[in-house]
1. Chymotrypsin sites (Phe, Trp or Tyr not before Pro), restricted to region B:1-94: which are DSSP loop and have at most 13 other Cβ atoms within 10 Å?
2. Could you work out Rg/(2.2 N^0.38 Å) for region B:21-75, with Rg from alpha carbons only?
3. Give me the distance in nm between label points sitting 7 Å out from Cα along the Cα-to-Cβ direction at A:A127 and A:A63, one decimal.
4. What residues qualify as long-range amide H neighbours of B:I59, i.e. H under 5 Å apart, gap of 5 or more or another chain, H built at 1.01 Å from N?
5. Relative contact order of region A:27-144: what whole-number percent is it, with Cα pairs under 8 angstrom and at least 6 residues apart?
6. Add -39500 (n - 2.57) for each DSSP H run of 4 or more in the protein assembly as shown, then divide by its residues: what number comes out at 222 nm, to the nearest 500 deg cm²/dmol?
7. If you fit an axis through the alpha-carbon atoms of helix A:153-172 and take the longest principal axis of the Cα set of chain A, what angle between them do you get, 0 to 90°, nearest 10?
8. Given N residues in region A:68-191, what is its alpha carbon radius of gyration divided by 2.2 N^0.38 Å?
Amino acid sequence: MIHTAYKVFSVGAFEKEEQWLNEMSAKGLQLIDVGICKYVFAEGQPREYVYRLELLEDLPSTAESMEYIQFLKEVGVEKVGSFFRWVYFRKKATEGSFDLYSDIDSRLKHYKRINLLCNWIIGMNLAAAIFNLFFFADSMKYFKMGILNTVNYSNLGISIFNIGVAAGIFLISSSIRRKLKEFQKEHEIRE
Amino acid sequence: MSDNIALTEAVYYILLSLYQPLHGYGIMQKVTDMSSGRVNLAAGTLYGAISTMMEKGWIEALPSEEKARKKEYQITDQGRNMVETELNRLAELLENGRKIVGRV
C-alpha cells in the first residue's frame with residue numbers, strides 16, 4: 001500500500017523534516033519518493049530504514065554530485081529522491097546507525113551550506129519586497145498626479161507577503177544558526 | 001603550506017588503512033577495526049576526506065578494470081610522508097604527556 005502525504009517544510013526546517021521522516025519510518029512507513037511538498041511512503045517494518053536529508057553543493061545531476069551519490073551507494077546508502085539540491089538518503093537500520101557526518105568539521109560545512117541557502121532566500125524576498133514597495137510608491141505618486149486612476153495595492157500586498165516570507169524563514173532557521181554557533185565553538189576545541 | 005599542522009583522527013586512520021588498496025566500505029571497516037570501534041567514519045565525512053586527500057596528492061584512485069567494480073584507493077608517497085610526520089608529532093605528544101602525568 002502506498003501512502004502519499006503533502007507537507008510544507010521551510011528550507012530552514014531541515015532538521016524537523018528529517019525527524020518527521022524517521023518518525024514515519026518508526027510507524028512502518030518508509031519514504032520511497034519525493035515531489036514538491038509531496039512525500040510518498042510504502043508500508044514496511046517499523047524503523048526498517050534510517051533517513052537523512054542533505055543539501056548538496058550542486059544539483060544531483062552534476063558530475064560531482066553523481067560521483068558522491070554513487071560512492072554512498074557503494075557503502076549502502078540509497079538515494080530515495082531529490083528536490084532541487086536536497087537529496088533524501090536512507091540506509092537499512094540493521095546495518096547499524098546511520099549518519100552522513102561523523103566529525104564536527106564536515107557537519108559544520110553542511111550547516112554552513114544550509115545557512116547560506118536560507119540567507120539567499122531571505123535576501124531575495126527582501127529584495128522583492130523593496131521592488132514592490134517602489135512600484136507601489138510610484139503608483140501612489142502617479143495617481144496623485146492624475147496619470148494613473150488606481151493605486152497599485154497589489155504591489156503593496158506582494159511586498160508584505162515577501163516580508164512575511166523573509167521573516168518566517170528567518171525565524172524558522174534560527175535553530176540552524178544556533179547549531180552553527182555550537183559547532184563553531186566545538187570546532188575550536190576538538191574534532 | 002606548513003607540515004606542522006596536525007591531521008584529524010579520521011584522515012590519519014584513512015591514510016593508515018590505505019597502505020593497502022581498499023574501497024570506501026573497506027576503509028570504513030578497517031578504521032572501525034583498528035580503533036576497536038571507537039572511530040566510526042560516516043559516509044559523507046569519508047567522501048569529503050577522500051576528495052581532499054586526492055586533491056592534495058596524499059592518496060590516489062586505482063584505475064578500475066570494469067565500471068561495475070567499486071573504486072579502490074591507495075596511499076601515495078606523499079601520503080606516506082604525511083603519516084610519518086604525524087607519527088613524530090604524536091610521539092612527541094605522548095612523550096610529554098607521560099613525563100608530566102606518568103605512565104597511563
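Coordinate-derived values only; no laboratory data. Computed from a prediction, not measured in an experiment: that's the story for all the values here. FYI the Cβ positions are ideal-geometry reconstructions off the backbone, even for glycines, and counts take in every protein chain you see.
1. Here the chymotrypsin sites (Phe, Trp or Tyr not before Pro) that fit, given the DSSP loop and packing criteria, are B:Y19.
2. With N residues counted in region B:21-75, Rg over 2.2 N^0.38 Å equals 1.16.
3. Label-label distance for A:A127 and A:A63, simple model: 2.9 nm.
4. B:M54, B:T76
5. Values: 125 pairs, mean separation 25.5, N = 118.
Once divided by the residue count of region A:27-144, the mean separation gives 22 percent.
6. Roughly -18500 deg cm²/dmol at 222 nm, from the helical runs in the protein assembly as shown.
7. 30 degrees
8. Details: Rg = 22.4 Å, N = 124, 2.2 N^0.38 = 13.7 Å.
Cα Rg divided by the expected 2.2 N^0.38 Å: 1.63.
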